[in-house]
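One structure is given here, and the rest of the page talks about it.
The values are calculated or read from the model by the stated rules, or taken from the named source; none is laboratory data. Being a predicted model, the structure only gives us computed values, none of them experimental. Using ideal geometry, Cβ is built from the backbone for each residue, glycine included, and neighbour counts are taken over all protein chains shown. Quick note on the areas: whole protein, heavy atoms, side chains included, nothing else; ligands and nucleic acids left out. Shrake-Rupley method; radii C 1.70, N 1.55, O 1.52, S 1.80 Å.
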Amino acid sequence: LDKAEMIQSASAPAVQMEAVIEHLKEDERIRQQDQYLALFDFVPSIPEEWSKKMKEVIAELRECRLEVKNWDVLSEEIPESLRDDLKHYLLQQGQAYKLDEERLIHKDSLLESVHSLLRETEGSSIALKQAKDVLNVSRKYLIPFLELLDHLKLTVRDGNERKWVNSTIDRYFD
C-alpha cells in the first residue's frame, strides 16, 4: 500500500498513524520500500490470472532492447488498473529501469548495452557519436540511455562525453 494514501484514508490522526507504522516497522511486522508499505513476509509476484499477458509484456520489453515503446502502448493489453502495478513490480524487483517518464528498459538490455560500450571504449570516455555508432540507435533513445547511466552512477558527464565510474561498474558486473 502507498503509505501516504493509507495515512490519509485512516480515521486516526496522521501523527498517530505515523507512530503506529514506525512501531510496526520496528517489530518487523511491516516493511517500507520507497513510499510503499507491505507485510514483512510479503513477496511481490505477478497475479496468476494476468501472468501470461504480463510475461508477454516483459518479453517484448526485453526484445525491444534500447528502442522501447511507450509503457502504455507496450502494456495496452493489460487493464489500465494493473499497468502501474506491473511497472512498479519491474522497477522494484530490478527487472527494469526507467529510461524516461514514458518508457522502461529491461535490465538485460541495459547490461548488454553497457557491455557493448565498455568493450568498444575499452573503459575510456564515451563520445555521443561513438555511443550512437556502437549502440546503433537514434538520439531519441541514446540521450535518455546515457542519462540513465549517469543516474546509475555508471558514468559521469564531462562536457559532451561520459566517463566510466569504475567503482560502480565493478558492483554491476562482478
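Looking at K107, K87, which is the one that is within 16 Å of H151 (Cβ to Cβ) and touching a strand residue (DSSP E or B) at 6+ places or on another chain (Cβ under 9 Å)? Matching residue, one of K107, K87: K107.
Could you pull out the residue among V43, V73, V68 that is at pLDDT below 90 and of a type in the set (V, I, T)?
V43 is the lone residue from the list that is at pLDDT below 90 and of a type in the set (V, I, T).
In this structure, is R119 in a helix (DSSP H, G or I) and either polar (S, T, N, Q) or without any contact (Cβ under 8 Å) to a residue 60 or more places away in the chain (or both)? When the stated conditions are applied, R119 passes them.
Here's the yes/no breakdown for (1) without any contact (Cβ under 8 Å) to a residue 40 or more places away in the chain; (2) surrounded by fewer than 17 Cβ atoms within 10 Å (Cβ to Cβ):
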| site | (1), (2) |
| --- | --- |
| E49 | yes, yes |
| V57 | yes, no |
| E80 | yes, yes |
| E102 | yes, yes |
| H106 | no, no |
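Of the residues I21, I78, I58, the single one that is part of a loop (DSSP other than H, G, I, E, B) and in contact with a Leu (Cβ under 8 Å, 6 or more places away or on another chain) is I78.
To keep it simple, each residue is scored yes or no on (1) open to solvent by less than 30 Å² (accessible area, probe 1.4 Å); (2) β-branched (V, I, T); (3) over 13 Å from the mean Cα position of the chain (by Cα); (4) more than 20 Å from V57 (Cβ to Cβ).
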site: Q93; (1), (2), (3), (4): no, no, no, no
site: L99; (1), (2), (3), (4): yes, no, no, no
site: R139; (1), (2), (3), (4): no, no, yes, yes
site: W164; (1), (2), (3), (4): yes, no, yes, yes
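Of the residues in region 145-160, at least one is open to solvent by less than 30 Å² (accessible area, probe 1.4 Å), in contact (Cβ under 8 Å) with a residue 60 or more places away in the chain and under 17 Å from the mean Cα position of the chain (by Cα).
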